[in-house]
Amino acid sequence: MLEEARSRWHPIAAAHDLPFRHVFHGQLLGREFAVWRADDGYVNIWENRCLHRGVRLSIGINDGRELKCQYHGWRYSNRTAGCTYIPAHPADAPARTITNRTFPAVERYGLVWSSEEPRGEVPEIAGLAEGKLLALRGIAVNAPADKVVERLRAYRFQPNGAIDGEGADILVEAAQDFAVALRSRASSAETQGVFFVQPVDSNRSVIRGVLDQEAEGAARIAILRHHNERLSKLRDEVERDVANAPAPAPLEPVYERVSAELAEMPEVTTHGRKAALRVSVARKWQAADGIAGFELRPIKGILPTFQPGAHIDVHMPNGEIRQYSITNGPGETDSFTIGVKLERDSKGGSKCMHETVREGDVLAISEPRNNFPLRRDAIKTLFVAGGIGITPLLAMAQALKNQELAHELHYFAQGEEHLAFADRLKHLGDALKPHLGLSPDATGAELRQLLAGYRNGMHLYICGPGPMLEAARKIAAEQGWPDSAVHFEYFKNTNKIDDSSSFEVALARSCVTLQVPAGKTIMQVMRESGIDVPSSCEQGACGTCVATLIEGEPDHQDVYLNDAERKAGTKIMTCVSRAKSARLVLDI
Amino acid sequence: MMTKCADPVILNLWHPVGAIAEAAPGAVQETVLLEERLSFAVDADGEPVVWRSRPDVQRADHIPPADRLPAISAYGYVWTSLGSPPAELFPIPEYQEPDRRKLNAATFGVNVSAPRAIENFLDMGHFPYVHTDILGVEPHTEVKEYDVEISVDRDEILATRCRFFQPMASTASDGGADVDYVYRVPHPYCSVLYKSSPVDETRRDVIAVFLQPVDQEHVRAHMLLCVLDEDNEDKVIKRFQQTIFGQDKPILENQVPKRLPLDPRAETPIRADKSAIAYRRWLSQKGVTYGVIPAAA
């Protein structure tokens, strides 16, 4: 029976077991769950162990958007259960898909239901009208579920309207493997009670009763007490019944192994320029003057986990591909929100998004990628956004706000009407510092002021138009900010690419040597030889195609690497950069 | 004699059973090692006697020499073995330095396997979360690169160049700073750490954890302090270590499964876990099966 039980839905908690920001420890058929409700109402049912070191997540912290493990502070996102941050390595985005095992959750009859391998739906109970029910307190019984059901068939209780009386008539309306429906009648009063039995383990059960009428105040207390007393007595009887029988062996849950890729800690993950996801435009609106907001919802299933700073490739109806940062705050995993500025000299990307794409349209997007990761170990973080450069920084600021880490978001824009995503900005409170209508010179003066006072442990994140970004980086360097504390993301690479050189590329791990002729990129040549190279913007701005350089002198033409990284000569963007030496050796 | 533990590697090791400082001369104490009930006593000269408990023997001098288990006294504890132990226990040279304070900080029962407790002892990443404001504090959460080697000739794991930000680095400074650590694992169930001394920057305090495996999923953790401190009373030094261990205990007892999985795909390692990865490999290479879930062959 227990084998079959795996494919059924069972109640694992009462809805009232999931109060604000609590994590409930549930169990079904020997398997433990961490059950928590996010602030957006979503009920998460997860395997009760952190993927890192097996610590129970039911002792973790529910911050309303994410669940934080107590042991090492790993954060797992609402809905997707994907890991969004590993504090031991603050500079790295968890590049690998570390995702906890999730189980389906349905709320019905005041109970939370789940199943290991569900077939079909949560049982329909005639007579139980949603919303007008009274869920009783769960009664734990040290006995197998079938023994509990057996006793429940003979359970006697008073109808709600005659709770103080005695001797009501009881009718067994239905009895199944894991539930008994009873009706109690006493003169004019009548109550239906459905008693579900949750098989916690082979020898442990919980009785979860639901009555077909709700009650308030003292009457409610009296009804709950009535059932508590009688069900407790029933529990004692069942436990006496089974006391002399040998207890069945506890069920051993099987933990899924993590993927081989996760176990081996690869340096980089490979993903080509693929658009694996299909989303529909749930909402399109004017997020600011000249900026369209898009809310993208999955066609089916749930979206993958994203981290602040991550972007997606959007494949447009006209065949163009563009990168847009995800602006969502932590735990907002039911949709991705992006902002698209209409570029005056648009080559078809932003124009298509503004003019052609409408609500209800389906778009292909890539998995989120994070080449602009946010450290969360700064004593203070400054964000400097120019115009549409707000989008990645907005996601970052919301993440720090949620963790109550010190930060300021300096948002440079032409005017109030150009500030995008007002609703999200509002939640940042005092951390938001708009700087409106400044000339380039005035912007420089403002930046000099706010970048003064660098202290060890501070970090700066900049995103905006090229000239402003250059100015901010220069000012930061002048004010004593080391390269390692200044993080930036360009929209695009405006460098004029010189692809006139020809050279040789040796791929150390693949044991191949390739010739790169003038007019072709390293990436193109690798792909022609069948080597899978991850990429996104393909113009040297996003950092997705980075490769480790073992030998040779690179000719950097990207805008992703900072000066220190360029000098170190250990990384190269294969989509635009080339060689000054005759030969490069890459760790691919 | 049949033993409950069938792992020859573990059977043939020395295991600690109790602190000598807490044993009244001649008094018989009962304990459990590898699921077997043992009795032990320490005589007035500090010589330990250990035997399998039996109702007819209530004094150490009543147990015939042939029925005694191997016993030594080392680092302030009584050690014994249910198999054929090596001639010597692993060395801790600092224990001989005369100006050090040597104390059993505490003996704690913990509902977890010995290898899980060793991994916790080797781990720095949890300091800001589990030992908040003592050994670490947010946002200083980074585990910087460090080195790990499995020393073949000494048959032990050595992690060096370990550094972690500590909010009160010493009583002498009011700010936080990186503190240096060196970790050794010279025995599958024992680990020794060396930590910058707040009173002498050229030397290091030594803190060791010796785990007595009660069974595969329960230990008694004996904590040795061997520190440079001339000012504080014993109870102050002990209380600090007890506070730290008291914070680790509920985490350890909530690890699932309790035995340490040696399958590399059972859990998700990160770079900060280098020493734990080396430890799991070392246990696998040794063929340890007790207190672990061996990787499928």
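The values are calculated or read from the model by the stated rules, or taken from the named source; none is laboratory data. The structure displayed is predicted, hence computed values, not measured ones. Cβ: placed from backbone, ideal geometry, glycine included. Neighbour counts: every protein chain shown.
For segment A:433-464, the set of residues classified as farther than 19 Å from residue A:325 by Cα and under 31 Å from the mean Cα position of the chain (by Cα) consists of A:433, A:434, A:457, A:458, A:459, listed by residue number.
For segment A:402-421, filtering for residues that are without any contact (Cβ under 8 Å) to a residue 60 or more places away in the chain and part of a helix (DSSP H, G or I) leaves 1. When restricted to residues that are over 16 Å from residue A:578 (Cβ atoms) and of a type in the set (A, V, I, L, M), segment A:510-547 contains 3. The single residue among B:52, B:59, B:37 that is surrounded by 14 or more Cβ atoms within 10 Å (Cβ to Cβ) and of a type outside the set (Phe, Trp, Tyr) turns out to be B:52. Among the residues of segment A:382-411, the one identified as closer than 24 Å to residue B:166 by Cβ and either of a type in the set (Asp, Glu) or assigned by TED's automatic domain parsing to the domain that holds residue A:339 (or both) is A:404. Selection over segment A:491-500 of residues that are among the hydrophobic types (A, V, I, L, M, F, W, C) and either over 34 Å from the mean Cα position of the chain (by Cα) or assigned to a strand (DSSP E or B) (or both) gives a count of 1.
Summed over segment A:451-488, the residues that are assigned to a helix (DSSP H, G or I) and among the polar types (S, T, N, Q) give a count of 1. What is the one condition in (1) part of a loop (DSSP other than H, G, I, E, B); (2) farther than 20 Å from residue A:311 by Cα that residue A:448 does not satisfy? All conditions pass for residue A:448, except number (1).
Within segment A:354-386, can you find the residues that are away from every other protein chain (no Cβ under 14 Å), of a type outside the set (A, V, I, L, M, F, W, C) and in contact with an Asp or Glu (Cβ under 6 Å, 6 or more places away or on another chain)? Residue satisfying the conditions is A:366 alone.
Out of segment B:62-75, which residues are within 21 Å of residue B:183 (Cβ to Cβ) and out of contact with any strand residue (DSSP E or B) (no Cβ under 6 Å at 6 or more places or on another chain)? The one that is within 21 Å of residue B:183 (Cβ to Cβ) and out of contact with any strand residue (DSSP E or B) (no Cβ under 6 Å at 6 or more places or on another chain): B:74. Listed here are the strands (runs of 3 or more DSSP E) enclosed by segment A:1-119 that have at least 2 residues being free of Cβ contacts under 8 Å to residues at least 60 places away in the same chain and within 14 Å of chain B (Cβ to nearest Cβ): A:23-28, A:66-68. Being closer than 20 Å to residue A:571 by Cα, touching a residue at least 60 places away in the same chain (Cβ under 8 Å) and more than 32 Å from the chain's Cα centre (by Cα): is that true of residue A:488 here? Taking the combined requirement at face value, the residue does not satisfy it. Within segment B:40-73, the set of residues being among the small types (Gly, Ala, Ser), in contact with a Gly (Cβ under 8 Å, 6 or more places away or on another chain) and at pLDDT 95 or above comprises B:41, B:73. Answer yes or no: is there a residue in segment B:252-275 that is under 18 Å from the mean Cα position of the chain (by Cα), without any contact (Cβ under 8 Å) to a residue 60 or more places away in the chain and more than 17 Å from residue B:100 (Cα to Cα). No, segment B:252-275 contains no residue that is under 18 Å from the mean Cα position of the chain (by Cα), without any contact (Cβ under 8 Å) to a residue 60 or more places away in the chain and more than 17 Å from residue B:100 (Cα to Cα). Out of everything in segment B:114-139 that is aliphatic (A, V, I, L, M) and more than 11 Å from chain A (Cβ to nearest Cβ), what residue ends up being surrounded by the most Cβ atoms within 10 Å (Cβ to Cβ)? So, considering only residues that are aliphatic (A, V, I, L, M) and more than 11 Å from chain A (Cβ to nearest Cβ), the one surrounded by the most Cβ atoms within 10 Å (Cβ to Cβ) is B:114. Here is a check on your reading of the model: is residue A:275 of a type in the set (A, V, I, L, M) and modelled with pLDDT under 90? Yes.
Can you name every residue in segment A:100-141 that is under 30 Å from residue A:371 (Cα atoms) and buried (at least 20 other Cβ atoms within 10 Å of the Cβ)? Within segment A:100-141, just A:100 meets the criteria. Just so you know, in segment B:198-248 the residues that are within 14 Å of chain A (Cβ to nearest Cβ) and surrounded by fewer than 19 Cβ atoms within 10 Å (Cβ to Cβ) include one that is farthest from residue B:113 (Cα to Cα), and it is B:247. In segment A:501-514, of all residues being more than 18 Å from residue A:575 (Cβ to Cβ) and part of a strand (DSSP E or B), the one that is modelled with the highest pLDDT corresponds to A:504. Can you name the residue in segment B:263-294 that is under 23 Å from residue B:147 (Cα atoms), in contact with a Pro (Cβ under 8 Å, 6 or more places away or on another chain) and crowded, with 20+ Cβ neighbours inside 10 Å and is also nearest to the other protein chains (Cβ to nearest Cβ) among such residues? The qualifying residue nearest to the other protein chains (Cβ to nearest Cβ) is B:267. A single entry from B:165, B:240, B:245 fulfils the requirement of being in contact with a Gly (Cβ under 7 Å, 6 or more places away or on another chain) and among the hydrophobic types (A, V, I, L, M, F, W, C): B:165. Would you point out the residue of segment A:141-176, among those that are within 21 Å of residue A:242 (Cα to Cα) and of a type in the set (S, T, N, Q), that is modelled with the lowest pLDDT? Selected residue: A:176. Checking segment B:101-111 against the condition returns a match, with at least one residue being over 26 Å from residue A:92 (Cα atoms), more than 12 Å from chain A (Cβ to nearest Cβ) and of a type in the set (Phe, Trp, Tyr). Only one of the numbered conditions (1) loosely packed, with under 14 Cβ neighbours inside 10 Å; (2) free of Cβ contacts under 8 Å to residues at least 60 places away in the same chain; (3) within 14 Å of another protein chain (Cβ to nearest Cβ) is not met by residue B:164, and that is (1).
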